[in-house]
């Protein structure tokens, strides 16, 4: 989509009502509600121009592409606006899961349920091996729009810079959930750094085993 066209669509939105942020309901083609997010003008522009959902992170105060680290991207099929012009609906094709807990949708619990949230994340090392494999594939066969491929194309300085930034994000995280989220980012960027240097995860595991007393 042209820059002019995206700007024209942006004019239909009442940006002032929520101080520059507009809520976005995200659902898949089958009508399943996946999450609630927010966009500013920059996030909407990037969404319309790339075809992939970009949101404004209120915790990190910046625009991020959905799935830029996890790979669980959302290809936007349709964008709808509500009657008051102050809310949007993204109809998307979801890759993988939408929720950081590992659930397909963020709305997987009923209000009032006392049970602890059900985690479906694979806690074994297999998820690390799977991620390592995907990173290796992106390095050898770059795909358009891939954040991982873009990191490798920028080289050592950018890869090391991003790893350092994520380490800081872990240190300043103010809650358990935020720490878990930022550590996941850190591990991903560590795997990219290792792959850039030709180091297999198994080599690191072997070193840890060697040190075990």
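The values are calculated or read from the model by the stated rules, or taken from the named source; none is laboratory data. Nothing here was measured: the structure is a model prediction, and the numbers come from that model. Here the Cβ positions follow ideal geometry from the backbone for every residue, glycine too, while neighbour counts run over all protein chains shown.
Restricting 150, 178, 195 to those that are part of a helix (DSSP H, G or I) and in contact with a helix residue (DSSP H, G or I) (Cβ under 7 Å, 6 or more places away or on another chain) reduces the list to 195.
State whether the residues of the stretch 75-91 include one that is under 12 Å from the mean Cα position of the chain (by Cα), at pLDDT 85 or above and crowded, with 16+ Cβ neighbours inside 10 Å.
Pass one, the stretch 75-91, residues under 12 Å from the mean Cα position of the chain (by Cα): none.
Looking for residues that are under 12 Å from the mean Cα position of the chain (by Cα), at pLDDT 85 or above and crowded, with 16+ Cβ neighbours inside 10 Å, one finds none in the stretch 75-91, hence no.
Exactly one residue out of 96, 85, 112 is within 28 Å of residue 183 (Cβ to Cβ) and assigned to a loop (DSSP other than H, G, I, E, B): that is 96.
Is it fair to say residue 43 is surrounded by 14 or more Cβ atoms within 10 Å (Cβ to Cβ) and outside any strand (DSSP E or B)?
Numbers: surrounded by 14 or more Cβ atoms within 10 Å (Cβ to Cβ): yes; outside any strand (DSSP E or B): yes.
Here the answer is yes, as residue 43 does meet what is asked.
Taking the criterion of being more than 11 Å from residue 89 (Cα to Cα) and modelled with pLDDT of 95 or more, no residue of the stretch 17-33 qualifies.
Please indicate, with yes or no, whether at least one residue in the stretch 5-21 is in contact (Cβ under 8 Å) with a residue 60 or more places away in the chain, under 30 Å from residue 174 (Cα atoms) and crowded, with 18+ Cβ neighbours inside 10 Å. No - not one qualifying residue is present in the stretch 5-21.
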